[in-house]
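Below is one structure, written out as structure tokens, with a few remarks after it.
Rule-based calculations on the coordinates, nothing more; no lab input. Keep in mind that what you see is a predicted model, and the values were worked out from it rather than measured. Quick reminder, even Gly has a Cβ in these numbers, built from the backbone with ideal geometry, and neighbours come from all protein chains shown.
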């Protein structure tokens, strides 16, 4: 297969609901908005699909993966890893189930004999992961464009060209639904009083409420796992 016919997969993985975990998905989303490629290049929001991505990985000759990775570095640090080192970095300090799953994806693709010829991991050190419904922290957000630029330079060296879009991308051509577009996602989030970020102190620190690990099932409905001690007095 000639270089012009190489199949390319640009993949973003992670969970946008957990703050910096969404870095990979947001990076690929931004690439899709800014650039266009020829038909041999596929951009994909891999989310947290894990093992279900194996077929797509098998079909790729060149694979670029964007993800939040715990390198043990300062938050917001961008680090590129290539080739055989990629599975090692993705498995060294797993932050979530999707990393375990993607490490297995690479192993399965290799076992089946359909492994990317070239592989690049574009990872950023997260700052915050324990913020359900939160968005990228500034240190991580600031690395979106540098990460994209680094990946495009890597691809250009392999003969894969990215061309800037001349007109804005229509909503129906975006990777993510409009409802979770980065701007709408951030602007639609309730304030901290309405939606506590790291757990509701009104529940967690009440002395008169304890956690019951055995919910009662009544008429097929799971009852509350929080039991008010005052009702038992």
Original post:
So for 39, 21, fewest C-beta neighbours within 10 Å to most, what's the order?
Top reply: 39, 21
**OP:** Give, as ranges by residue number, the residues of region 101-142 whose backbone N falls under 12 Å from the point 7 Å along Cα→Cβ of residue 71.
**Re:** 121-126
Original post:
When the Cα centres of region 19-33 and region 132-191 are compared, how far apart do they sit, in Å?
Top reply: 5 Å
Original post:
Using all Cα-Cα distances in region 3-187, what percent lands in each 10 angstrom bin from 0 up to the longest?
Top reply: 10, 40, 38, 12, 0
Original post:
How high is the relative contact order of region 3-187, in percent, with contacts defined as C-alpha pairs under 8 Å that are six or more residues apart?
Top reply: 31 percent
**OP:** Indicate the gyration tensor shape class of region 108-150 (rounded, prolate or oblate), computed on the Cα atoms with a ≥ b ≥ c the square roots of the eigenvalues: a/c under 1.5 is rounded; otherwise a/b larger than b/c is prolate and the rest oblate.
**Re:** oblate
